[in-house]
Amino acid sequence: MKLHTLKPATGSTHKEKRLGRGEASGKGGTATKGNKGQQARTGYQRKNAHEGGQMPLQRRVPKRGFKNNNRVEFVVFNLGQIDQLQEKYSFSEFSLENLYINGLISRTDKVKILGTGEIKTSLNFKVNAISEKAKTAIEASGGKVEIIK
């Protein structure tokens, strides 16, 4: 085998279609672009939302409300749930790592503790946010609270 004898495998290369090169080519006349008009010309770009003059969907549907792009979503746990979770999963501390390992939150979730219910066990908490009522209840039961940023 020598360099000058190399050529592509049979069937791997195709001839380029030569459009608009006369009627005999079979691709002459309109060059497979249909009839005349804007779409047959070069540089034509179709608008994504154009509906042929009909009122576009994004203008037909009414706008409602407001979406805050800076909102922080929390996974919320109430004090009433914490004793049950501690019994079921036997937490030594209530932290993001323990919750993730046991499948209660995903890797990027933020956790907030709210004060609904009562807590009987004394646990240490490492969470992203906590309400004042929950914080006083945890400290009264002998636990500690650490806020993670």
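We did not get these values from a lab; they are worked out from the coordinates using the rules stated. Just so you know, these numbers come straight off a predicted model, no measurement behind them. Here Cβ is always computed from backbone atoms with ideal geometry, including for glycine, and neighbour counts include all displayed protein chains.
Inter-label distance, Thr13 to Asn128: 5.8 nm, where each label sits 7 Å from its Cα along the C-beta direction.
Shown here: segment 100-149, whose C-alpha atoms stretch 30, 21, 18 Å along the first, second and third principal axes, sorted largest to smallest. Considering only Asn102, Thr121, Ser141, the residue lying farthest towards the positive end of the dipole of segment 74-147 is Asn102, judged by Cα position with unit charges set on Cβ.
Over the chain, dividing the summed -39,500 (n - 2.57) contributions of all DSSP H runs of at least 4 residues by the number of residues returns a 222 nm mean residue ellipticity of -5000 deg cm²/dmol.
Against the chain, whose longest principal axis is taken from its Cα atoms, helix 79-89 shows a tilt of about 80°.
For segment 74-147, relative contact order (Cα pairs under 8 Å, six or more residues apart, normalised by length) works out to 34 percent. Taking every C-alpha pair closer than 8 Å and separated by at least 6 residues, the mean separation divided by the residue count of the chain gives a relative contact order of 15 percent. Exposure proxy shown here: for Ser95, Ser106, the number of other Cβ atoms within 10 Å sets the order, fewest to most, as Ser106, Ser95. Pairs exceeding a 24 Å alpha-carbon distance, out of Lys7/Lys33; Lys88/Lys126; Lys120/Lys144; Lys47/Lys67; Lys112/Lys144: Lys7/Lys33; Lys47/Lys67. Taken as Cα centroids, segment 89-132 and segment 8-47 sit 64 Å apart, rounded to the nearest whole angstrom.
The ranking of Tyr100, Tyr44 from fewest to most other beta carbons within 10 Å of each one's beta carbon is Tyr44, Tyr100.
Straight-distance candidates among the aspartates and glutamates for linking to Lys149, with alpha-carbon spacing under 15 Å and chain neighbours fewer than 8 residues away dropped: Glu73, Glu97, Asp109.
For segment 74-147, a simple Cβ point-charge model (Lys and Arg +1, Asp and Glu -1, everything else neutral) yields a dipole of about 140 debye relative to the Cα centre.
For Arg64, Arg59, the sequence from fewest to most other C-beta atoms within 10 Å is Arg64, Arg59. Summing +1 for each Lys or Arg and -1 for each Asp or Glu among the other residues whose beta-carbon sits under 12 angstrom from that of Lys33 gives +3. As a rough guide to protection, the peptides 24-35, 134-145 ranked by mean Cβ packing within 10 Å, highest first, stand as 134-145, 24-35.
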